[in-house]
1. Does L287 count as in contact with a Pro (Cβ under 8 Å, 6 or more places away or on another chain), within 30 Å of I132 (Cα to Cα), in a strand (DSSP E or B) and open to solvent by less than 50 Å² (accessible area, probe 1.4 Å)?
2. Keeping to segment 216-236, report how many residues are open to solvent by less than 20 Å² (accessible area, probe 1.4 Å) and in contact (Cβ under 8 Å) with a residue 24 or more places away in the chain.
3. Here is a check on your reading of the model: is T503 open to solvent by 40 Å² or more (accessible area, probe 1.4 Å), outside any helix (DSSP H, G or I) and in contact with an Asp or Glu (Cβ under 9 Å, 6 or more places away or on another chain)?
4. Give segment 283-313 a look and list any residue that's at pLDDT below 80, charged (D, E, K, R) and within 32 Å of the chain's Cα centre (by Cα), or say none.
5. Residue under question is L44, and the condition is that it be outside the structural domain of M279 (by the TED database), surrounded by fewer than 19 Cβ atoms within 10 Å (Cβ to Cβ) and at pLDDT 90 or above; does it hold?
6. Across segment 521-562, what is the number of residues that are over 23 Å from M51 (Cβ atoms) and either part of a loop (DSSP other than H, G, I, E, B) or free of Cβ contacts under 8 Å to residues at least 24 places away in the same chain (or both)?
7. Given the conditions (1) charged (D, E, K, R); (2) in contact with a Phe, Trp or Tyr (Cβ under 8 Å, 6 or more places away or on another chain); (3) open to solvent by less than 20 Å² (accessible area, probe 1.4 Å), and given that D144 satisfies all but one, which numbered condition is not satisfied?
Amino acid sequence: QFPFGRRLPCDIYWHGVSFHDNDIFSGQVNKFPGMTEMVRKITLSRAVRTMQDLFPLEYNFYPRSWILPEEFPLFVAEVRMMKDSDPSWKPTFIVKPDGGCQGDGIYLIKDPSDIRLTGSIQSRPAVVQEYICKPLLVDKLKFDIRLYVLLKSLEPLEIYIAKDGLSRFCTEPYQEPTLKNLHQVFMHLTNYSLNIHSGNFIHSDSVNTGSKRTFSSILCRLSSRGADVKKLWSDIISLVIKTIIALTPELKVYYQSDIPAGKPGPTCFQILGFDILLMKNLKPMLLEVNANPSMRIEHEQELSPGVFENVPSPVDEEVKVAVIRDTLRLVDPHKKKRKDIHNCIVFCRDSLLRVVSVFCIIWGMKDKQHKHHSLKLSLKLKFYLKLGSCQTLEHVSEASEELLDAGRADRPEYEASRSPEAGLPSLCLKQVFPKYAKQFNYLRLVDRVAALFIRFLGVKGTTKLGPTGFRTFIRNCKLSNSNFSMASVDILYIDITRRWNSTGIDHKESGMCLQAFVEAFFCLAQKKYKSLPLHEQVASLIDFCEYHLAALDEKRLVCGRG
């Protein structure tokens, strides 16, 4: 442990809270720059709302939300309008302070005029959401799911989901919200940190009982009742991928600011905690994303008044140890080096047979048996290289793996080097992206808008676009014309930037933040392609911009050669 930071080179830096060390020049860090800011309740709501504007059906897993105080008048007006159109609608809303955690400051209201809400919104920004009144119940109790997600890489995007998670239960039987029970947190709020203080909380050594259980035990129970568990998992995977797609554009802006391209710096990965609620019809709903999910595998037990002891928690241990262990296996730098050797064999087709011979020499394959084995593999590799099928690389990889094993088998250290990994259970982390990339890549429009934003930032290390950068973007992408002059461009920039800066977003830098640029981009798309749906308007404008920028790059390349 290095409480004041470490300056010596390491393979992996495991930070406690957030990425905050700009003096790391190599290795891997277990936090992404900006992740803590991105999953705060207001920022997450904004990111998801942008995607809801583009793809409303695909992002209907996040409750309707309003950001306070800036959207309080809108919240009041929309609730009044919905009540007028449907007098039978009796909503409940949940108020979540932006910086709150572990259930701190969360409360339920039935009406926007609630005195607690109107009295606190100016001093404590929050998100107010429509409360999910019909959750799935187990043993008459409301519960949520904590799933662990590994974001292994941002570019290219690589996501893993743990095959098991935690189910955290309320400690009082659930009833739909009324004015009488709104204040009963043990009935409505699933937060472990709240329910642990309930007299009904049950610590259990079994993963199937108690106030905290494994998610797999819930799935088994649902399956025994005939529920379609495969579809449920598919919906959860879809929710996770779509949420991360919503977060990545701004994460990339933070990343290039803290670790500029072309400069030495670490790569990043991060374990996230996704809190998901199942509705009565088994539809998963996203509650929040935690950048620093608790990895404790013990709980406090009161032995006598005021005397506490840390007691192991079998449920936590079963789920969390596997997540940490397999995260380290996936980011293991030595494993990467071993893979690099295999990749060399797989992709260097022209020199493949020479590489085989070199390996034979390195591993001392001098006797007849080894020479025969190496010749056999050479012929096998030559055959696979002649194949034109998609399986060629897989076959080559298999053959090269066979060669590697054959060459190392006689070395005493080989068994020792294999045994740590061989003795471990299969990975609990399942790759879902890029595995399912084809199904979700069409959603990554804002990612492409962010790439345009980053291109025109100009100064490395900044996160906001100045007026000159915005004008250059308009000019280079050929977006100004007789109907949209550069004076109009300046007015658009000033209006949108001023409004976003008034919302309290980072004032350390002046200029246009990514969210403001996205709004401006959507505005330009709607002007240029009036008859199309919004997502087609945005996609068309992105294609238009990318085409002109590619032509400009080609022109510069030709001039450079000249």
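The values are calculated or read from the model by the stated rules, or taken from the named source; none is laboratory data. Not measured: the values here are computed from a predicted model. Note that we place each Cβ from the backbone using ideal geometry, even for glycine, and neighbour counts take in every protein chain shown. With ligands, DNA and RNA removed, areas are computed over all heavy atoms of the protein, side chains included. Shrake-Rupley method; radii C 1.70, N 1.55, O 1.52, S 1.80 Å.
1. Numbers: in contact with a Pro (Cβ under 8 Å, 6 or more places away or on another chain): no; within 30 Å of I132 (Cα to Cα): yes; in a strand (DSSP E or B): yes; open to solvent by less than 50 Å² (accessible area, probe 1.4 Å): yes.
No, not satisfied.
2. Step one: list which residues in segment 216-236 are open to solvent by less than 20 Å² (accessible area, probe 1.4 Å), which gives 217-219, 222, 232, 236.
With in contact (Cβ under 8 Å) with a residue 24 or more places away in the chain added as a condition, the list becomes 217-218, 222, 232, 236.
Number satisfying all stated conditions: 5.
3. Details: open to solvent by 40 Å² or more (accessible area, probe 1.4 Å): yes; outside any helix (DSSP H, G or I): yes; in contact with an Asp or Glu (Cβ under 9 Å, 6 or more places away or on another chain): yes.
Judged against the criteria, T503 is a match.
4. To start, the set of residues in segment 283-313 that are at pLDDT below 80 comprises 299-308.
Next, from what is left, pick out any that are charged (D, E, K, R): 300, 302.
The answer is E300, and nothing else.
5. Numbers: outside the structural domain of M279 (by the TED database): yes; surrounded by fewer than 19 Cβ atoms within 10 Å (Cβ to Cβ): no; at pLDDT 90 or above: yes.
Against the criterion (outside the structural domain of M279 (by the TED database), surrounded by fewer than 19 Cβ atoms within 10 Å (Cβ to Cβ) and at pLDDT 90 or above), L44 does not qualify.
6. Looking only at segment 521-562, we keep the residues that are over 23 Å from M51 (Cβ atoms), and these are 547-562.
Remaining after also requiring either part of a loop (DSSP other than H, G, I, E, B) or free of Cβ contacts under 8 Å to residues at least 24 places away in the same chain (or both): 547, 550-551, 553-562.
Of the residues in that region, 13 qualify.
7. All conditions are met except number (2).
Here is a yes/no grid of residues against (1) modelled with pLDDT of 95 or more; (2) under 27 Å from R221 (Cα atoms):
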{"residue": "I94", "(1), (2)": "no, no"}
{"residue": "G100", "(1), (2)": "no, no"}
{"residue": "D111", "(1), (2)": "no, no"}
{"residue": "I115", "(1), (2)": "no, no"}
{"residue": "I121", "(1), (2)": "no, no"}
{"residue": "C133", "(1), (2)": "no, yes"}
{"residue": "R146", "(1), (2)": "yes, yes"}
{"residue": "E155", "(1), (2)": "no, no"}
